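*Asks:* Please see the structure below; I have some questions.
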Amino acid sequence: MEFSIKSGSPEKQRTACVVVGVFEPRKLSVPGEILNSASDNYISDLLRRGDMEGKSGTTLLLHNVPGTLSDRVLLIGLGKEKDFREKEFRDSIATTVRVLNETGAFDATLTLTELPVKKRDMSWRIRQTALMAFEALYRFDRFKSKKDEVRRPLRKLTLSVESRTDLSAAEKALSQGMAIAAGMNLAKDLGNLPGNVCTPTYLAGQALELRKQNGLKVEVLERADMEKLGMGSLLSVTRGSHQPPKFIVLSHNGGKKGDKPVVLVGKGVTFDSGGISLKPGPEMDEMKYDMSGAASVLGTMKAISELALPSNVIGLIPTVENMPGGNASRPGDIVTSMSGQTIEILNTDAEGRLILCDALTYAERFEPACVIDIATLTGACVIALGHVASGMFANDDGLARDLLNAGQNAYDRAWRLPLWDDYQEQLKSPFADMANIGGRAAGTITAACFLSRFAKKYDWAHLDVAGTAWKSGEKKGSTGRPVPLLTHFLLARSGVQVE
Ligand code: BES
Ligand code: MN
Ligand code: ZN
């Protein structure tokens, strides 16, 4: 899909369709009013006759509206004006793009980008429009022998801005939105791929693809390299699988040499059967998404390289498959992590922390400015925060604040949970330095406490995306989160304004 930015009156747009908003009840938005005057009240007459109320989610397609140069006018219901906020704005764009894709119009001009959204500026609206357009058009049909072909799909969207002076800022916001969307699409594709295709080896191949396409530096460590490094905890998870483990290192060197990097660490369990502590059958297919943290790191690295982010970022992806097999780890096994700390594995299904802890130790060698790990770590996080917010932990308040802000601005929100020492007690083991589980209570927090023991040497944050990285049910699929949060965080850190 192609995008462009334009300023100018809606009635003068030579396009297949002009899109204008209608608030409830029957109140045209400002660009709608302009169009209406040009049409000699053609549109307001329709509204008065009751053809449309303006309820959110409703649409009305008009043809040959007098006084306009476009073939069609699409009215989009926006709900009550006083309730029109971030969510309503995003929903209105998604509805618009979905409807446009079915009208047969190849191109369209959107005036919704001019609608004021409380506390948000024009750049925010442009970025979100690009994101929602990609979201609405995303399909994952590469395994369908018969694809749902759209007869005449939408090819080009022109986003209107109020004045010519907005053009350059809007162009910049558009490129940010498109880069984030490209990163999200990569993350979605990887998440949606089944476990028999998306293996650790496949993820390593995707990283090498990013080297080719985006110029990232990529290195892939093999089992023997990990053995040499002493990653005994990570390697214990892979014992039951026939798939070889990989440890992927990506670097984006956009900053000065010697500038400390931000290190992102993504959990890459390409399928989590639970291992010997086997998971129950229902919905076990969803454990193909257990590499969503890794996918978000790849997606974010893609986005920042497309934006030529002026700072240094390292992506680390420990990736394995967690299977039961004759050689698999048993409950009760004790392993030694790269840090030297020993771990009693009481449940082989708490495998994410076992691979992340060695990656966190490996991160030390980069002398990081900070380290952020992203993981579909605990089912308990889905119970606590549902599918709205990602769980967030940090050992530094400044880092926590920056991540929360990035999530707010990106509309990819996180919520902080406590890392108090009192919770560490639950990880006590009589036989090793720690156990890998802490009982049923506060399962998301004890998982984070476990990781915190390997992240003492730098500022660190942990995002538990178990509830946000994918959707279950009829419309199940990967969401591409938290690529927007991470990209916003990195942009803001390198001084790019993204609010
Ligand atoms: N990948 C799962 C977490 C998960 C479960 C994410 C359900 C989304 C939905 C993780 O490896 C896991 O199995 N965690 C266990 C930890 C427990 C054994 C302490 C869990 O959450 O049940
Ligand atoms: Mn598990
Ligand atoms: Zn898992």
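The values are calculated or read from the model by the stated rules, or taken from the named source; none is laboratory data. Just so we're clear, the structure is a prediction, and the values are computed from it rather than from any experiment. So basically every Cβ, Gly included, is an ideal-geometry build from the backbone, and we count neighbours across all protein chains shown. For the accessible areas, the whole protein counts, side chains as well, though only heavy atoms, and no ligand, DNA or RNA atoms are used. Shrake-Rupley method; radii C 1.70, N 1.55, O 1.52, S 1.80 Å.
*Asks:* Shape verdict for region 64-143, please, from the Cα gyration tensor: rounded (a/c under 1.5), prolate (a/b greater than b/c) or oblate.
*Replies:* Cα axes put region 64-143 in the oblate bin.
*Asks:* Let me ask something additional. Could you please report the charge total around Arg401, scoring K, R as +1 and D, E as -1 over all other residues with beta-carbon less than 13 angstrom from its beta-carbon?
*Replies:* Residues close to Arg401 contribute a combined charge of -2.
*Asks:* Per-residue HN-Hα couplings for region 187-198, Karplus 6.51 cos²θ - 1.76 cosθ + 1.60 at θ = phi - 60°, whole Hz, x for Gly and Pro?
*Replies:* In residue order, the calculated couplings are 4, 5, 4, 5, x, 6, 4, x, x, 6, 9, 7 Hz.
*Asks:* Amide H neighbours of Ser4 under 5 Å, at least 5 residues apart or on other chains, H built in the peptide plane: list them.
*Replies:* The list, which skips near neighbours in sequence, is Leu157, Thr158, Leu159.
*Asks:* Still on this structure: Once you place label points 7 Å from the Cα toward the Cβ at Arg152 and Lys27, how far apart are they in nm?
*Replies:* 3.5
*Asks:* Sorting check: for 465-475, 294-304, which peptide has the highest mean count of neighbouring beta carbons within 10 Å, and how do the rest follow?
*Replies:* Listed from highest to lowest mean packing, they are 294-304, 465-475.
*Asks:* Divide by every residue of the chain the summed helix terms, -39500 (n - 2.57) for each DSSP H run of at least 4, and state the resulting mean residue ellipticity at 222 nm, rounded to the nearest 500 deg cm²/dmol.
*Replies:* Mean residue ellipticity at 222 nm (helix-derived): -11000 deg cm²/dmol.
*Asks:* Relative contact order of the chain, please, whole-number percent, based on alpha carbon pairs below 8 angstrom and at least 6 residues apart.
*Replies:* RCO, the chain: 14 percent.
*Asks:* Might you work out the accessible area of Thr109 for me, using a 1.4 Å probe with all protein chains in place, and round it to the nearest 10 Å²?
*Replies:* Surface accessible to solvent at Thr109 totals approximately 0 Å².
*Asks:* Placing +1 on the Cβ of each Lys and Arg and -1 on the Cβ of each Asp and Glu in region 181-493, which of Leu210, Ala448, Leu235 has its Cα farthest towards the positive end of the resulting dipole?
*Replies:* So the residue we want is Leu210.
*Asks:* Mind running the shape call on region 181-493? Use the C-alpha gyration tensor, a ≥ b ≥ c as the square roots of the eigenvalues: rounded below 1.5 for a/c, prolate if a/b tops b/c, oblate otherwise.
*Replies:* Because its axes are fairly even, with a/c under 1.5, region 181-493 counts as rounded.
*Asks:* Along region 168-182, what does the Karplus equation 6.51 cos²θ - 1.76 cosθ + 1.60 (θ = phi - 60°) give for ³J(HN,Hα), rounded to whole Hz, x for Gly and Pro?
*Replies:* Calculated HN-Hα couplings, in order: 5, 5, 5, 4, 5, 4, 5, 5, 5, x, 5, 5, 5, 5, 5 Hz.
*Asks:* If you don't mind, another one. If I take every Cα pair under 8 Å that is 6 or more residues apart in region 417-458, average their sequence separation and divide by the length, what percent do I get for the relative contact order?
*Replies:* Answer for region 417-458 is 39 percent.
*Asks:* Let me ask something else about it. Antiparallel as a % of all DSSP beta bridges within the chain, to the nearest 5?
*Replies:* 40
*Asks:* While we're here: Direction-averaged shadow area of the convex hull around the Cα atoms of region 184-307, nm²?
*Replies:* For the Cα atoms of region 184-307, the hull's average projected area reads 8.6 nm².
*Asks:* What net charge do the residues around Val197 carry, taking every other residue with its C-beta under 10 Å from that of Val197, with Lys and Arg at +1 and Asp and Glu at -1?
*Replies:* Net charge in that neighbourhood comes out at +2.
*Asks:* Name the residues whose placed amide hydrogens come within less than 5 Å of the amide hydrogen of Val265, ignoring near sequence neighbours (fewer than 5 apart) on the same chain.
*Replies:* Here the answer is Leu316, Ile372, Asp373, Ile374, since their amide H atoms fall under 5 Å of that of Val265.
*Asks:* Between region 122-150 and region 345-414, what is the separation of their alpha carbon centroids in Å?
*Replies:* Taking the Cα centre of each part, region 122-150 and region 345-414 sit 27 Å apart.
*Asks:* Scan around Ser241 for amide H atoms under 5 Å from its own, H built in the peptide plane at 1.01 Å from N, and keep only partners 5 or more places away or cross-chain.
*Replies:* Residues meeting the amide H criterion: Met323.
*Asks:* So what are region 2-137's ellipsoid semi-axes, whole angstrom, largest first, if each one is the square root of 5 times an eigenvalue of the alpha-carbon gyration tensor?
*Replies:* 21, 17, 14
*Asks:* Need the full-extension length gain, Ser168 to His63, defined as separation in residues times 0.36 nm minus the C-alpha distance. One decimal, nm.
*Replies:* Going from the current span to full extension adds 34.5 nm.
*Asks:* Once you have a ≥ b ≥ c as the square roots of the Cα gyration tensor eigenvalues for region 426-499, tell me rounded if a/c is under 1.5, and otherwise prolate or oblate according to whether a/b is larger than b/c.
*Replies:* oblate
*Asks:* Mean separation of Cα pairs under 8 Å and 6+ residues apart, divided by the residue count of region 155-256: what relative contact order is that in percent?
*Replies:* So the answer I get is 26 percent.
*Asks:* Let me ask something additional. Ordered by residue, what ³J(HN,Hα) values in Hz, to whole numbers, does region 341-357 give under the Karplus form 6.51 cos²θ - 1.76 cosθ + 1.60, where θ = phi - 60° and Gly and Pro are x?
*Replies:* Ordered by residue, 3J(HN,Hα) equals 6, 9, 10, 8, 7, 8, 9, 6, 7, 8, 8, x, 5, 6, 8, 5, 4 Hz.
*Asks:* Packing-wise, with mean Cβ within 10 Å as the measure, how do 77-87, 195-205 rank, highest first?
*Replies:* 195-205, 77-87
*Asks:* If you don't mind, there's one more thing I want to ask. First select every other residue whose beta carbon is under 13 angstrom from the beta carbon of Arg127; then total the charges, Lys and Arg +1, Asp and Glu -1.
*Replies:* Around Arg127, the charge tally is -2.
*Asks:* Placing +1 at every Lys and Arg Cβ and -1 at every Asp and Glu Cβ, with all other atoms neutral, what dipole size does the chain have around its Cα centre, in debye to the nearest 20?
*Replies:* Magnitude of the dipole: close to 860 debye.
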